[in-house]
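Values quoted throughout were computed directly from the atomic coordinates according to the rules given, and no laboratory measurement underlies them. Keep in mind that this is a model prediction, so the values were computed, not measured. Here the Cβ positions follow ideal geometry from the backbone for every residue, glycine too, while neighbour counts run over all protein chains shown.
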Ligand SMILES: Cc1cc2nc3c(=O)[nH]c(=O)nc-3n(C[C@H](O)[C@H](O)[C@H](O)COP(=O)(O)O)c2cc1C
């Protein structure tokens with residue numbers, strides 16, 4: 001948990017979620033916890049209930065964990081090795097009717113469910129685009145219709161001191177978002193919705 005970030009009146013799950021890199025290498029993600037975060041993902045909404053999200057997952061100590069770790073780029077490997085579990089989130093892009101509409105959108109929704117369930121478990125989860133997606137297709141024998149999208153590290157938060165000195169600043173830097181006046185409009189594009197107008 002951090003003291004900066006979202007306002008206090010948001011739900012604690014959303015308020016407390018962030019993407020840390022200082023993971024405790026002694027921290028454990030149990031098989032049951034990994035199952036629950038993936039179960040949360042399975043219950044995400046999707047276009048026409050097409051359920052496009054697929055996952056390859058392994059606990060630290062497993063061969064799958066080591067193979068996912070090896071696919072991460074160097075910068076991500078430097079901290080994600082200490083995760084308790086690593087996951088690759090993929091989109092199944094086809095079903096019997098042809099291309100699944102909004103497949104990536106569905107994977108994003110499932111991934112956020114996974115991340116928020118991790119927060120509810122007292123864990124942290126950090127998504128990564130920095131991995132070798134074509135390599136994942138080969139390594140895990142993914143069908144041609146399945147697109148690997150992100151890797152996700154799930155672990156136990158540790159102190160920033162776990163990171164190399166030159167990487168600590170990023171961990172403790174204030175979190176920023178664009179103001180809602182730039183992102184939420186009413187009446188016409190560019191006219192901010194005044195929070196007081198509800
Ligand atoms: C699709 C996606 C890809 C990301 N890729 C990486 C990555 O490769 N490495 C990394 O350290 N963080 C990665 N992140 C984390 C983002 O940088 C982070 O979510 C963003 O800066 C907002 O910070 P917060 O999650 O702490 O609110 C990724 C996040 C998403 C959603």
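Summary of values
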read-out	value
Volume per residue that the Cα convex hull of segment 55-198 spans, once the total is divided by residue count, Å³	178
Packing-based exposure ordering (other Cβ within 10 Å, fewest first) of 156, 28	28, 156
Neighbour-count order for 186, 30, fewest beta carbons within 10 angstrom listed first	186, 30
Extension gain from residue 13 to residue 144, taking 0.36 nm per residue of separation minus the Cα-Cα distance	43.6 nm
Residue order, fewest to most surrounding Cβ atoms within 10 angstrom, among 189, 43, 79, 18	189, 43, 18, 79
Highest-fluctuation residue, 169, 122, 108 considered, GNM on the chain with Cα pairs under 10 Å	169
Highest-MSF residue in the chain out of 137, 181, 50 [GNM, Cα springs under 10 Å]	181
Highest-fluctuation residue, 136, 26, 103 considered, GNM on the chain with Cα pairs under 10 Å	26
